[in-house]
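Heads up, the thing below is written out as structure tokens.
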Amino acid sequence: MAIISTAGLTRTFSTKAGPVEAVRGIDLTVERGEILGFLGPNGAGKTTTLRMLTTLLAPTGGAATVAGHDLLRDPAGVRRRIGYVAQSGGVDPQVSVREELVTQGRLYRLPRAEAAARAEELARDLSLTDLMDRTCAALSGGQRRRLDIAMGLTHRPEVLFLDEPTTGLDPGSRADLWDLVRRLRDEYGTTVFLTTHYLDEADALSDRLVVVDKGRVAAEGTPSALKLRYGGSIDATLQDTFLAITGRTPAPVDTTPVAV
Amino acid sequence: MSAFLSDTALLFGRYARQTLRSKFQMLFGALMPLLYLVFFGPLLTGLPLGTQGDSWQVLVPGLLLQLGLFGALFAGFSVIIEQQSGVLERMRAAPVSRLALLLGRVLRDAALFVFQAVLVVLAATALGLRAPLAGVLIGFAFVGVLTTALASLSYALALKVSRPHDFGPLINGLSMPSMLLSGLMLPMALAPGWLDALSHLMPFRYVVDAMRAGYVGDYTGTAMLYGVLMSAALVAAAVTVGTRVFRRAGA
Ligand SMILES: Nc1ncnc2c1ncn2[C@@H]1O[C@H](COP(=O)(O)OP(=O)(O)OP(=O)(O)O)[C@@H](O)[C@H]1O
Ligand SMILES: [Mg+2]
């Protein structure tokens, strides 16, 4: 049984300048315990898709079930089982790191003592222990990003949505996050749905990739299958494969990936 | 139900701590009514106001509602900031009751404005206000209910327009006529017929009349009845609208 499945998921925004078809009918399934890399150029509709799957944005068409609950009929059931780390985060600059983590635990209905213990545990996992009594405004960009991620993990969600989790992280923190994501999957069977523009990250972390472009699924498969099919060989870089899928000008053959 | 109550208490605590961190926020709202009390109140003491009670019993209820009106209508700014920082969306992704998302915030607002109202009444007592305790307490209840309603509407409007430079003028445009047309500063008993009739279209007109009745010890007249009914209708409608907006916000 797929833990996420969508059928014709669509979202059109109406703006003063006319309708914007951000997502135009996405069909996808994600298996339990899978790490899915959700890739696509800027504006492809990744964040919009995530905001629909996390109940934040009503689809204008289509349907989906997430963690056994229908997105439209039972949004509260979906919310209980998912964690979401938004692309631009969401912590109050005036509040301390500890208060944010504990309140987040309480919002997910952990008893007070458990929420406090969980906050310490998350702080250890994301190297925030020394920062617990600072206000969020006093964190560096990467430290704040680690806090955003910790907030999404509070209640050990069955399905974790991460929207560009590692943007702004230093290489060490990035490697730590990769380990953490793998550990969540191995120890707790967490399903992880993540977007990234770092193709080395997608390659290293994902069991399967879904590439979207202009609001539609352009390709999907394991990293090697996509390289073979679109990049010409299993040794192709994911960069060239991605460019071939999204129809952008193919990179000169000897270019090394720009992602660090 | 208990989940709803604990969600509300949790969010109320978060916002109450936020307010307690800022002495400025706690006291500033009381400043304008205090200025009116000291520099405007004495002008009225000898004037025939066409109502029961002395001028302080007429002015103070109006000032308390003015405090609530301006304070609560501007409450929405804070949720625009939370929307921009992503805090609101993070909370909406959590399995928290949507009503609690609203009530946690507006109950903090109501508590703050009742606190400021207490300060104003204490100052007014020093200046010469004499009113029955029960009437004064009923007055605080009206302030609490009315600010709950207005803050809910303010959050709803803020999330609808979502840009601070649209929200500010909109609220100014609403609050000034509401204040003038409700007879908050001077009773509408002084008004010509057309203005009095027009003021009856304003919900606050009934609330201020009820509060003034309370301040002269008249708890069972029609003024009190209409005030209670109007406040109840207003708060029910506003909380319903506000909750709906919290459910849908962010499109
Ligand atoms: N609230 C909105 N109103 C109007 N248009 C929107 C809104 N949100 C997103 N869009 C548009 O929808 C399209 C998809 O946006 P989305 O944020 O989903 O892209 P993305 O794939 O996450 O891009 P990025 O990699 O840059 O984060 C874009 O064209 C964007 O401008
Ligand atoms: Mg995005």
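The values are calculated or read from the model by the stated rules, or taken from the named source; none is laboratory data. Bear in mind that the values here come from a model prediction, so they are computed numbers and not experimental data. Please note: Cβ atoms are built from the backbone with ideal geometry, for glycine as well, and neighbour counts cover all protein chains shown. Just the protein is used for accessible areas: all its heavy atoms, side chains included, with ligands, DNA and RNA removed. Shrake-Rupley method; radii C 1.70, N 1.55, O 1.52, S 1.80 Å.
Name the residue, out of A:Glu201, A:Glu187, A:Glu100, whose mean-square fluctuation peaks in a Gaussian network model built on chain A with Cα pairs under 10 Å.
Taking springs between Cα atoms under 10 Å, the residue moving most is A:Glu187.
Pairs of Cα atoms under 8 Å, at least six residues apart: use those to get the relative contact order of chain A, whole percent.
On the way: 490 pairs, mean separation 58.6, N = 260.
Reported as a whole number, the value is 23 percent.
Run the helix sum for chain A: -39,500 (n - 2.57) per DSSP H stretch of 4+ residues, divided by residue count, reported at 222 nm to the nearest 500 deg cm²/dmol.
Details: 9 runs with 91 residues, N = 260.
Dividing the helical sum by the residues of chain A leaves -10500 deg cm²/dmol.
Compute the FRET efficiency between B:Arg21 and B:Leu190 as 1/(1 + (r/R0)^6), taking r as their Cβ-Cβ distance and R0 = 51 Å, and round to the nearest 0.05. Write out the running numbers ahead of the final one.
Values: r = 43 Å, r/R0 = 0.84.
Taking R0 as 51 Å, the efficiency between B:Arg21 and B:Leu190 is 0.75.
In Å², what does the accessible area per residue of the protein assembly as shown work out to with a 1.4 Å probe?
Values: 21740 Å² over 511 residues.
So the protein assembly as shown comes to 43 Å² accessible per residue, rounded to a whole number.
Compute the angle between helix B:222-248 and the longest alpha-carbon principal axis of chain B, please, reported from 0 to 90 degrees and rounded to the nearest 10.
20 degrees
Counting DSSP beta bridges with both partners in chain A, what percentage is antiparallel, nearest 5?
Details: 24 of 41 bridges.
For chain A, the DSSP antiparallel bridge percentage is about 60.
Accessible area lost on pairing B with A, both sides, 1.4 Å probe, Å² to nearest 100?
Working: alone 11690 and 12250 Å², together 21740 Å².
Interface area, both chains combined: 2200 Å², rounded to the nearest 100.
Could you point to the residue in B:Ala210, B:Asn172, B:Gly221 farthest towards the positive end of the protein assembly as shown's charge dipole, with +1 and -1 charges on the Cβ of Lys/Arg and Asp/Glu respectively?
Of the candidates, B:Gly221 comes out farthest on the positive side.
About the Cα centre, and with charges only on the beta carbon of Lys, Arg (+1) and Asp, Glu (-1), how big is the dipole of segment B:1-160? Nearest 20 debye, please. Spell out each step's value before the answer.
Values: 11 positive and 5 negative charges, 87 e Å.
Roughly 420 debye, rounded to the nearest 20.
Quantify, in whole percent, the carbon and sulfur part of the accessible surface of segment A:2-221 (1.4 Å probe; protein heavy atoms only).
Using a 1.4 Å probe with all protein chains present, segment A:2-221 comes out at 48 percent carbon and sulfur.
Can you find, among B:Ala238, B:Met26, A:Pro75, the residue farthest towards the positive end of the dipole of the protein assembly as shown? Put +1 on the C-beta of Lys and Arg, -1 on that of Asp and Glu.
Value: B:Ala238.
Check cross-link reach from B:Lys160 to the lysines: straight Cα distance under 17 Å, and skip same-chain residues fewer than eight apart.
Here the lysines satisfying the reach criterion relative to B:Lys160 are A:Lys16.
GNM on chain B, C-alpha springs below 10 Å: top fluctuator among B:Gly183, B:Gly217, B:Gly144?
Largest GNM mean-square fluctuation: B:Gly217.
Would you tally the net charge around A:Ser140, using a Cβ to Cβ cut-off of less than 14 Å, leaving A:Ser140 out, and scoring K and R as +1, D and E as -1? Walk me through the numbers on the way to the answer.
On the way: positive: A:Arg134, A:Arg144, A:Arg145, A:Arg146; negative: A:Asp130, A:Asp148, A:Asp170.
Local net charge: +1.
For the protein assembly as shown, give the share of DSSP beta bridges that are antiparallel, in percent and rounded to the nearest 5; count only bridges with both residues there. Intermediate values should be presented prior to the final figure.
Working: 24 of 41 bridges.
Bridges in the protein assembly as shown that DSSP calls antiparallel: roughly 60 percent.
With charges only on Cβ, +1 for K and R and -1 for D and E, what is the dipole size of the protein assembly as shown about its Cα centre, in debye, rounded to 20?
Details: 48 positive and 42 negative charges, 187 e Å.
Roughly 900 debye, rounded to the nearest 20.
Taking the Cα atoms only, what angle lies between the long axis of helix A:112-125 and the longest principal axis of chain A, rounded to 10 degrees?
Computed tilt is about 50 degrees.
Note down the net charge around A:Ala44, summing +1 for each Lys or Arg and -1 for each Asp or Glu among other residues with Cβ under 11 Å from its Cβ.
Net charge around A:Ala44: +3.
For chain B, modelled as a Gaussian network with Cα springs under 10 Å, which listed residue fluctuates most, B:Val87, B:Val120, B:Val60?
B:Val87
Given points 7 Å out from each Cα along the Cα-Cβ axis, report the B:Arg163 to A:Arg156 separation in nanometres with one decimal.
Between B:Arg163 and A:Arg156, the label points sit 4.6 nm apart.
Starting with the highest mean, order A:178-184, A:3-9 by the number of other Cβ atoms within 10 Å, averaged over the residues of each peptide.
Numbers: A:178-184: 16.3, A:3-9: 19.4.
For the peptides A:178-184, A:3-9, the packing ranking is A:3-9, A:178-184.
Suppose we compare each residue of segment B:1-25 in its chain alone and in the full protein complex with a 1.4 Å probe; which ones drop by at least 50 Å² of accessible area?
Those residues are B:Leu10, B:Arg14, B:Arg21.
Contact order normalised by length for chain B, with contacts defined as Cα pairs under 8 Å and 6 or more residues apart; what percent is it?
On the way: 336 pairs, mean separation 70.3, N = 251.
Relative contact order here is 28 percent.
Summarise the partner chain shielding of B:82-89 as one whole number: the mean count of Cβ atoms from other chains within 10 Å of each residue's Cβ.
Values: counts 2, 1, 1, 7, 8, 8, 2, 9.
Average per residue, whole number: 5.
Rounded to the nearest 500, what is chain B's calculated 222 nm mean residue ellipticity when only DSSP H runs of at least 4 contribute -39500 (n - 2.57) each, over all residues? Working shown, then result.
Values: 12 runs with 200 residues, N = 251.
Here the helix-only value at 222 nm equals -26500 deg cm²/dmol.
Going by alpha carbons, how many degrees (0 to 90, nearest 10) lie between the helix axis of B:55-73 and the longest principal axis of chain B?
For B:55-73 against chain B, the angle is about 20 degrees.
What average count of beta carbons from other chains do you get within 10 Å of the Cβ of residues in A:104-114?
Details: counts 3, 0, 9, 12, 3, 7, 0, 0, 1, 0, 0.
That works out to 3 on average.
Quote the FRET efficiency, to the nearest 0.05, computed for B:Arg130 versus B:Arg244 with a Förster distance R0 of 41 Å and r equal to the Cβ-Cβ distance. Intermediate values should be presented prior to the final figure.
Working: r = 44 Å, r/R0 = 1.08.
The formula returns an efficiency of 0.40 here.
Dipole magnitude of segment A:65-196 about its Cα centre, charges +1 at Lys/Arg Cβ and -1 at Asp/Glu Cβ only, in debye to the nearest 20? Mind dumping the intermediate values first?
Numbers: 19 positive and 20 negative charges, 60 e Å.
In total the dipole reaches around 280 debye.
Using a Förster radius of 30 Å, what is the FRET efficiency between A:Thr12 and B:Ala3 based on their Cβ-Cβ separation? Nearest 0.05, please. Don't jump to the answer; show the numbers that get you there.
On the way: r = 35 Å, r/R0 = 1.15.
E(calc), rounded to 0.05, equals 0.30.
Across the residues of A:87-94, average count of Cβ atoms on other protein chains within 10 Å? Show your work: numbers first, answer last.
Details: counts 1, 4, 5, 11, 4, 8, 3, 4.
The mean count of partner-chain Cβ atoms within 10 Å per residue comes to 5.
For segment B:1-88, what percent of Cα pairs sit more than 17 Å apart?
Numbers: 2495 of 3828 pairs.
Summing the P(r) of segment B:1-88 above 17 Å gives 65 percent of all pairs.
Along the charge dipole of segment A:2-221, pointing to its positive end and built from +1/-1 on Cβ of Lys, Arg, Asp and Glu, which listed residue (A:Gly89, A:Thr48, A:Thr167) has its Cα farthest out?
So the residue we want is A:Thr48.
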